[in-house]
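Take a look at the structure below.
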Amino acid sequence: SAVISQKPSRDICQRGTSLTIQCQVDSQVTMMFWYRQQPGQSLTLIATANQGSEATYESGFVIDKFPISRPNLTFSTLTVSNMSPEDSSIYLCSASRQGAGYGYTFGSGTRLTVV
Amino acid sequence: QQQVKQSPQSLIVQKGGISIINCAYENTAFDYFPWYQQFPGKGPALLIAIRPDVSEKKEGRFTISFNKSAKQFSLHIMDSQPGDSATYFCAALRGNTPLVFGKGTRLSVIA
């Protein structure tokens with residue numbers, strides 16, 4: 001399975017600012033996803049990061065708020081824009097190689113606190 | 001609509017006992033059913049997975065039982081240890097779609 005490095009691991013940000021989270025995979029992967037996880041809760045899919053094209057967002061998530069880039073097959077970024085305290089959460093990157101028995105793996109997450 | 005329903009929400013098991021977590025799904029097109037283990041401050045880690053053409057898969061102390069007709073699958077942890085204390089998520093997917101997660105089960109194994 002792919003190994004994912006995600007950074008920053010945590011951050012405390014002022015409301016109204018933006019934070020960009022980076023996700024680096026140690027090998028080329030087909031699929032990359034971004035999730036949000038409130039403490040003690042399950043994972044909610046934000047979007048699928050598509051290489052070379054616009055991300056596919058889930059209901060309730062919009063590009064203006066969560067712009068995503070995926071310039072190549074090993075790297076993606078998620079930006080949380082114009083943050084409010086409601087954006088405080090854990091953000092997780094996930095990746096999978098098609099045809100490799102799935103093996104969806106996750107980064108360790110970014111714990112974001114907005115004050 | 002929740003596509004994967006997981007129970008119980010929390011579970012306390014004595015050391016050496018069997019932990020059982022259950023999941024039910026709606027979409028018969030799902031073709032892959034993984035279980036993830038998550039420790040505090042860490043991302044979910046793939047524990048074990050099964051495909052619908054198999055009724056049971058065992059890896060060490062961890063076993064998945066799969067009942068296709070009932071659209072249910074379960075995780076059994078034999079000889080549960082305090083180190084197994086974590087949150088467990090069942091999930092399902094179809095093809096190259098994103099994982100659909102259950103709500104999670106917080107397992108506590110007490111000595």
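Just so you know, all these numbers are worked out from the coordinates, no wet-lab data involved. Just so we're clear, the structure is a prediction, and the values are computed from it rather than from any experiment. Cβ placement follows ideal geometry from the backbone for every residue including glycine, while neighbour counts extend to all protein chains displayed.
Taking θ = phi - 60°, what integer Hz values does the Karplus form 6.51 cos²θ - 1.76 cosθ + 1.60 yield along the range A:89-97, in sequence order, with x for Gly and Pro?
Calculated HN-Hα couplings, in order: 5, 9, 10, 10, 9, 9, 8, 8, 9 Hz.
Label-point separation (nm) for B:Q3 and B:A29, each offset 7 Å from Cα along Cα-to-Cβ?
Between B:Q3 and B:A29, the simple spin-label model gives 0.8 nm.
Over the protein assembly as shown, with a single point scatterer placed on each C-alpha, what log10 of the ratio I(q)/I(0) does the Debye formula yield at q = 0.12 1/Å?
So the normalised log intensities are -0.66.
Just tell me how shielded B:43-55 is by partners: mean number of partner chain Cβ atoms within 10 Å of each residue's Cβ, no decimals.
Partner-chain Cβ atoms within 10 Å, mean over residues of B:43-55: 3.
Can you give the FRET efficiency to the nearest 0.05 for B:A111 and B:D79, using r as the Cβ-Cβ distance and R₀ = 22 Å?
0.95
Taking the simple approach of a point 7 Å from Cα along Cα-to-Cβ for both A:V62 and A:S9, what is their distance in nm?
It works out to 3.5 nm between the two label points.
Of the listed peptides A:38-49, B:12-23, what is their order by residue-averaged count of other C-beta atoms within 10 Å, with the highest listed first?
So the peptides A:38-49, B:12-23, ranked by packing, come out A:38-49, B:12-23.
Taking a ≥ b ≥ c as the square roots of the Cα gyration tensor eigenvalues, with a/c under 1.5 meaning rounded and otherwise prolate when a/b beats b/c, else oblate, which class fits chain A?
prolate
B:T97 to A:S18: FRET efficiency via 1/(1 + (r/R0)^6), r the Cβ-Cβ distance, R0 30 Å, to the nearest 0.05?
The value I calculate is 0.55.
What's the average, rounded to a whole number, of partner chain beta-carbon atoms within 10 Å of each residue's beta-carbon in A:106-113?
So the per-residue partner count for this stretch is 3.
Just counting partner chain Cβ atoms within 10 Å, what average do the residues of peptide A:38-44 show around their Cβ?
That average works out to 5.
Filter the cross-link list A:K7/B:K58; B:K42/B:K68; B:K58/B:K103; A:K7/B:K57; A:K65/B:K103; A:K65/B:K68 down to pairs whose alpha-carbon distance in this structure exceeds 29 Å.
Violating the 29 Å Cα-Cα cut-off are A:K7/B:K58; B:K42/B:K68; A:K7/B:K57; A:K65/B:K68.
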